[in-house]
Amino acid sequence: MAKIFILFSVKLVAVFLTIFPLSANAVIYNILNFGANPDNGTDSTEAFLQAWSLACSSIAPAIMWIPSGTYLVNTIAFSGPCESAGVTVQIDGKIQAHQEIGNHSNWVLFEDINGLTINGGILDARGSQFWDCKRSGAYCPQGATSLSFNDVENGTVSGIVSVDSQRAHMAINDCKSLLITNVTLIAPRQSPNTDGIDIQSSTGIEIIDSSIRTGDDCIAIGPGTNNLSVQGVACGPGHGISIGSLARSPDEAGVEGITVTDVTFTGSENGLRIKTWPKPSDGFVKNVLYQNIVMNNVRNPVIIDQNYCPGSKGCSDQSSGLKISGVTYLNVSGTSATPIAVTFDCSATTPCDGIKLENVNLTYLEQPAKSFCFSALGTSSAGQLGTWSSVGQSSAGSCF
């Protein structure tokens, strides 16, 4: 009997350490101990906040544990700064949203934290009623982003599954050194404005080995983003990986140091897109590398659009002042859903320059796809595309 008990104890410890690899030195705060009630529709928001408050104020490394089960949670902010050098949120269950979260811009928010780890779990924002309202044209609440990070530094988000966000699944604002890995973001193709990940004013962000299937941009890269790496992401349906939209205001921060590698687009509206409003701007996009990209039946595989004006409402007759330079497309292959696979529609007054296409092979109906170029300067080599079309330019060499 003693041997059986010892064997059971060893196995229990092994399972415990597998779930909480830092538990030997960490203090664990189980939300059930603070009144959370899974699977019965009872609001657990206050229990989550109490567990977080103790985890965040712990001097020792701390774990906030959300065990298996479904927990109903309203809008909630997990705020720092924290006393510990590292706080882990371990989610082994599902967090489900109240319908009224749409009256707020964020559902689950982490802010002002240095040293944050989030592992696993499902976030279900139950966005279908909100989308129906938006599609009807009726007055609707603003809608909430499911998971937001404001001023978070040295963080890791791993294994999250976010379904049916009202608006964006994830937003990253004013963050540094944040790793997003093995996340799955899902919303129907027809769901409006359900971006996968929105990023702005952040540096050192990595997004790797993830699947994003939404009704809008898989990843939207906004002003002030630099040193961003996207690798091993599957995108589609959705509107592709977009830098922008930019140039909404004249004094936006620039975007630079963007690397997108080993990404596959399937059935998406766009693939690799840069979009700017046709307005005066001091902003810029520079030093961008797209490498080892596969397109599967994508409508606009490669596009720079400096006349972006969705819905053609309130459009400007000006040219974009935002400068785009140093953009490289290396090893881009696959199929286009339209005859024109590459579009560079740059600003008439601020041409794109330093555009490089190397080994770009895109086809439409098993024939080389065509390309369109306006006000762009660069080089193209070792690929299979139809003849470049230079439109609206009086001098040779305006396009390449």
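Just so it is clear, none of the values below were taken in a lab; they were calculated from the coordinates. This is a predicted model, so every value here is computed, not measured. All Cβ positions, even for glycine, are placed from backbone atoms using ideal geometry, and neighbour counts span all protein chains on display.
Find the relative contact order for the chain and round it to a whole percent, using C-alpha pairs within less than 8 Å whose residues are 6+ positions apart. Dividing the mean separation by the residue count of the chain yields 7 percent.
Each principal axis of the range 238-277 carries a Cα extent, and these read 35, 21, 9 Å when sorted largest first. Spin-label pair ASN103-ASN296: with each label point 7 Å from Cα along the Cα-Cβ axis, the two points sit 4.3 nm from one another. Protection proxy ranking for 107-119, 262-274, 131-143, using the average of other Cβ atoms within 10 Å per residue and placing the highest first: 262-274, 107-119, 131-143.
Within the set of other residues whose C-beta is less than 14 Å from the C-beta of ILE197, count the net charge using Lys and Arg as +1 and Asp and Glu as -1.
Working: positive: ARG167, ARG213; negative: ASP195, ASP198, GLU206, ASP209, ASP216, ASP217.
Around ILE197, the surrounding residues sum to -4.
For the chain, the alpha-carbon radius of gyration amounts to 1.09 times the rule-of-thumb value 2.2 N^0.38 Å expected for a compact globular protein. Neighbours of THR184, meaning other residues whose beta-carbon lies under 13 angstrom from its beta-carbon, give a summed charge of -2 when Lys and Arg score +1 and Asp and Glu score -1. Over every Cα atom in the range 91-232, the radius of gyration and the widest Cα-Cα span, Dmax, amount to 14.2, 43 Å.
What is the antiparallel percent of DSSP beta bridges lying wholly in the chain, to the nearest 5? Present the calculation step by step, with values, prior to reporting the outcome.
Working: 2 of 142 bridges.
Bridges in the chain that DSSP calls antiparallel: roughly 0 percent.
Measuring spread by the Cα atoms of the range 86-156 yields a radius of gyration and Dmax of 14.5, 45 Å. Taking the three principal axes of the alpha carbon atoms in the range 243-363, the coordinate ranges are 36, 30, 19 Å, sorted in descending order.
Net charge around ILE324, counting only other residues with Cβ within less than 15 Å of its Cβ (Lys, Arg = +1; Asp, Glu = -1)? Counting the neighbours of ILE324, the net charge comes to 0.
In summary, the lysines within cross-link reach of LYS370, defined as a Cα separation below 27 angstrom excluding same-chain residues under 8 places away, comprise LYS275, LYS286, LYS323, LYS356.
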